[in-house]
Amino acid sequence: MIFPEKEIRLKDGRTALLRSPLPSDATAALEYMKITAEETPFLLRTPNEITLTTEKEEQYLTWVAAVPNTVSIFCFVDGKLAGNCNISRKTKLKNRHRATVAIALVKEFWGLGIGTALFEEMIAIAEGWDVLQIELEVIEGNERAMGLYRKMGFEIVSHVPNAIRMPDGAFVKEFLMVRDLKK
């Protein structure tokens, strides 16, 4: 599904552009994935696991634009891919009242209001789909992200012990957080 272009004002006064990714963004998307994987241990992928070719990423970006129950939004600041988010509505009769979200930002752009703006867009999309709850997973220790998620109305509802093995070999929990849209 296509997200229409939208400009937002950042806390530092710059303007950011939110829009659906295009196949021509594939190279920037791959670089963004590598950067974010290097900057934080709280993503599931590690830098060496990013082995997609530009062609495969172009195919994915074409596919995601065509899927009716998924929206991907890229955020560009000064022409650089600063972050992205995805929302996917479940499609079965019994669970289509739920959607899952994911978000990541390049560290250079943390604290500028991009995460909040992206969540506001995902929540509006979910409400337009008549979704009743939005869900996300977050790794134990990712306090900065959990602060944003709580600010956006998400609450921890469960966890999986030893769900994630960190690079140092330590095991940590994965939390399921939910935002109820019925309220």
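The values are calculated or read from the model by the stated rules, or taken from the named source; none is laboratory data. Here the structure is a predicted model, which is why all the values come from computation and not from measurement. Backbone-built Cβ (ideal geometry, glycine too); neighbour counts: all protein chains shown. Heavy atoms of the whole protein, side chains included, go into the accessibility calculation; ligands, DNA and RNA do not. Shrake-Rupley method; radii C 1.70, N 1.55, O 1.52, S 1.80 Å.
Miscellaneous remarks
- Qualifying positions in segment 101-146 - part of a loop (DSSP other than H, G, I, E, B) and closer than 21 Å to Glu7 by Cα: Val106, Trp110, Gly111, Leu112, Gly113
- Members of segment 88-109 found to be hydroxyl-bearing (Ser, Thr, Tyr) and surrounded by 13 or more Cβ atoms within 10 Å (Cβ to Cβ), listed by number: Ser88, Thr100
- Applying a threshold of 9 Å to beta carbon distances and a minimum spacing of six or more residues, or different chains, the list of pairs starting in segment 1-26 at a residue that is within 14 Å of Leu118 (Cβ to Cβ) and in a strand (DSSP E or B) and ending at one that is of a type in the set (Lys, Arg) and open to solvent by 60 Å² or more (accessible area, probe 1.4 Å) reads Ala16/Arg9; Leu17/Lys6; Leu18/Lys6; Arg19/Lys6.
- Scanning segment 64-87 for residues that are open to solvent by 40 Å² or more (accessible area, probe 1.4 Å) and assigned to a strand (DSSP E or B) returns a single hit, Lys80.
- Qualifying positions in segment 26-56 - modelled with pLDDT under 95, open to solvent by less than 60 Å² (accessible area, probe 1.4 Å) and more than 15 Å from the chain's Cα centre (by Cα): Thr46, Pro47, Ile50
- Among (1) modelled with pLDDT under 95; (2) under 14 Å from the mean Cα position of the chain (by Cα) - the single one Glu135 does not satisfy: (1)
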